[in-house]
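Below is one structure, written out as structure tokens; comments come after it.
None of the figures in this text is laboratory data; all of them are computed from the coordinates on show. Note that the coordinates shown come from a computational prediction; the quantities given were computed from them, not determined experimentally. In this analysis, Cβ positions are derived from the backbone assuming ideal geometry, glycine residues included, and neighbour counts consider all displayed protein chains.
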Amino acid sequence: RGRMSGAEEARASQSEGIDEAAVAGLANAVGRADREAVLEWLAPLHPADQAALLHALSYDERRQAVALGAEVLEPETLNWLDGDVRDEVVDALGPKAAAAALSELESDDAVEIIEDLAEEDRTAILLEMGPAERAQVEQALSYPEYTAARLVKRDNVVVPDFWTVGQTIDYCRDHGESLPEEFWDILIVDPKMRPVGQVHVAEVLRSRRDVTMRSLRLKEQVLIEAITDQEEVARIFRRHGLNSAPVVDAAGRLMGVVTLDDILEVVEEEAEDDLLRLGGVIDSDRYAGAWRTTLNRLPWLAINIVTALIASMVIGRFEESIDKLTALAVLMPMVASMGGNAATQALTVTVRALAVGGLGRREAWRLLAKEGLVGLLNGSAFFVIAVATAFLWFWQGELALVFGIAMFLNLVVAGVVGAAIPIGLNRLKLDPAIASTAFVTTTTDVVGFLTFLGLATILLL
């Protein structure tokens, strides 16, 4: 080809990031149905880079690439794929190959992938999995989504508390093939499979062979119930500074362990989800088709048009005032815009506080009071700025005063409602990240238009 081979270029791209040449090369190989070339492009890559290449292909190219290069696709590649793309790849692999790949993953990763599949695809894949792997996945799926049970790693080293250090070491040597590839802690349980503690491997290796496991210096243990919400699990990890924690069922029996890397993913996903929901979109919009993306966004836009209609109705009540004094039409968007921006600032702080779990009843009142004070101070500052701006613009003192008062009142209201609305929605068990923006912006628009146009009508006209 007069340049590097596909494998050489793929290796180069691994260190420099996936570039257009790699994407074009793989797409060309797929277009020619050249299986050897597809393998040459994919085989040398890290799972994350394999996923990046698959993301860059079109729908048809991606399915063909999977069909031709399935044997060199790493199971971990599935972990790096966007949800919609991953579903396509799993479907292209087929139940048998998908089950084989999922069986190679850690149990919590396999559960995360399988839970998002259609019921028919999920059932077909579970039937192809081995009995042990299938039982683990089915147990996790029996619990609600976004709970600790869905995050559990079941591939752990677990020994009874009456074993000695020597028995534990011999067990690990004799059963090396069935143990996790990497582990740092050994879990200790009583005869009823209830966690007694956990100990670092280094502590075991430093101890005499005749010492019992229960008598070792055990790490601090915080037990997490299987039905605990994953956001609460993240808060527990943060509060106690944990690297891992055992998860128990309703009877207190050990199910497995949640580790810090899972919690980091939870925090990242929750933060990203809240950010996207504030804008009325979801993560899958990036790779979903135009029709599905449209359906995802329509409800949000429908809510916004209703809230905008409310603000428009307020303006309509003052149509005669606007006709008589056109300066009102020039200035009123500034009142609404400033209120909306101020409310968004308070809203962002409050939603974040709710997300990290640091907002009890007292903290909520304290935050409300603080945001009200901030609104008061900002309103005072912008009262002066608004009066000066309007006076220098239109040379009408009464109009400038009305504009300043409306700006002041709207900024005070914005600070309070920006904090109060997400707190209220949270108390009602509604997601404040989804619904707060529409309510907050509508409130500030209505208050801004009502105060400005109402005062102008009373004092000027």
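For the chain, give the share of DSSP beta bridges that are antiparallel, in percent and rounded to the nearest 5; count only bridges with both residues there. Before the final figure, lay out each step's value.
On the way: 13 of 18 bridges.
Bridges in the chain that DSSP calls antiparallel: roughly 70 percent.
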- Query: So what J values fall out for region 87-98 if you push phi through Karplus, 6.51 cos²θ - 1.76 cosθ + 1.60 with θ = phi - 60°, rounded to Hz, Gly and Pro as x?
  - Reply: 4, 5, 5, 4, 5, 5, 5, x, x, 5, 5, 5
- Item | C-alpha long axis of helix 47-56 to longest principal axis of the chain, angle in ° | 50
- Could you work out Rg/(2.2 N^0.38 Å) for region 289-459, with Rg from alpha carbons only? 1.14
- Message: From the phi angles alone, apply the Karplus equation (6.51, -1.76, 1.60; θ = phi - 60°) to region 306-318 and give each ³J(HN,Hα) in whole Hz, x where the residue is Gly or Pro.
- Response: 5, 5, 5, 4, 4, 4, 5, 5, 5, 4, x, 5, 10
- Task: Taking the chain as the reference, fit the longest principal axis to its C-alpha atoms, fit the long axis of helix 119-128 to the helix C-alpha atoms, and give the angle between the two in degrees, 0 to 90, nearest 10.
- Result: 20
- Helix 6-16 sits at what angle to the longest principal axis of the chain, using alpha carbons and giving 0 to 90 degrees rounded to 10? 50
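Using only DSSP helix segments of four residues or longer, with each worth -39500 (n - 2.57), what per-residue ellipticity at 222 nm results for the chain after dividing by its residue count and rounding to 500?
Working: 20 runs with 303 residues, N = 461.
Helix contribution divided over all residues of the chain: -21500 deg cm²/dmol.
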- Just order 94-106, 331-343 by mean Cβ neighbour count inside 10 Å, highest at the front, would you? 331-343, 94-106
- Partner lysines for Lys192 [C-alpha distance under 23 Å; skip if fewer than 8 residues away on the same chain]: Lys153, Lys219
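Take Phe394, Phe449, Phe439 and order them by how many other Cβ atoms sit within 10 Å, fewest up front. Before the final figure, lay out the partial values.
Details: Phe394 16, Phe449 25, Phe439 20.
Going from sparsest to densest Cβ surroundings: Phe394, Phe439, Phe449.
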- Largest first and rounded to whole Å, the semi-axes √(5λ) derived from the alpha carbon gyration tensor of region 93-213 read 33, 15, 11
- Query: Rounded if a/c is under 1.5, else prolate if a/b is larger than b/c, else oblate: which is region 158-260, with a ≥ b ≥ c the root eigenvalues of its Cα gyration tensor?
  - Reply: prolate
- Message: For a quick check: with amide H placed at 1.01 Å from N, whose amide H comes under 5 Å from Val189's, ignoring anything fewer than 5 positions away on the same chain?
- Response: Val159, Asp161, Val196
- Message: Using the Karplus curve 6.51 cos²θ - 1.76 cosθ + 1.60 with θ = phi - 60°, what ³J(HN,Hα) values do you get for each residue of region 107-118, in whole Hz, with x for Gly and Pro?
- Response: 4, 5, 5, 4, 5, 4, 6, 5, 5, 8, 7, 5
- Which peptide among 85-93, 417-425 comes first, and what is the full order, when sorted by highest mean count of other Cβ atoms within 10 Å? 417-425, 85-93
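What ranking of Thr348, Thr442, Thr77 emerges when the number of other C-beta atoms within 10 Å of each C-beta is taken as an exposure proxy, fewest first? Could you put the intermediate results ahead of the total?
On the way: Thr348 16, Thr442 21, Thr77 24.
Least to most surrounded, the residues fall as Thr348, Thr442, Thr77.
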- Can you tell me the Rg and Dmax of region 65-161, counting just the alpha carbons, in angstroms? 13.5, 50
- Item | Radius of gyration and Dmax over the Cα atoms of region 37-111, both given in Å | 11.1, 34
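For region 6-145, what does the convex hull of the Cα positions come to per residue, in cubic angstrom?
Values: hull volume 13.5 nm³, N = 140.
That works out to 96 Å³ per residue.
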- Where a ≥ b ≥ c are root eigenvalues of the Cα gyration tensor, a/c under 1.5 meaning rounded, otherwise prolate if a/b exceeds b/c and oblate otherwise, the chain counts as oblate
- Considering amide H positions built from the backbone, and no H for Pro or chain starts, which residues 5 or more places from Gly256, or on another chain, come under 5 Å of its amide H? Val247
- How are the C-alpha pair distances of region 366-450 spread across 5 Å bins, as whole percents from the shortest bin up? 3, 17, 19, 19, 17, 11, 7, 5, 2, 1, 0
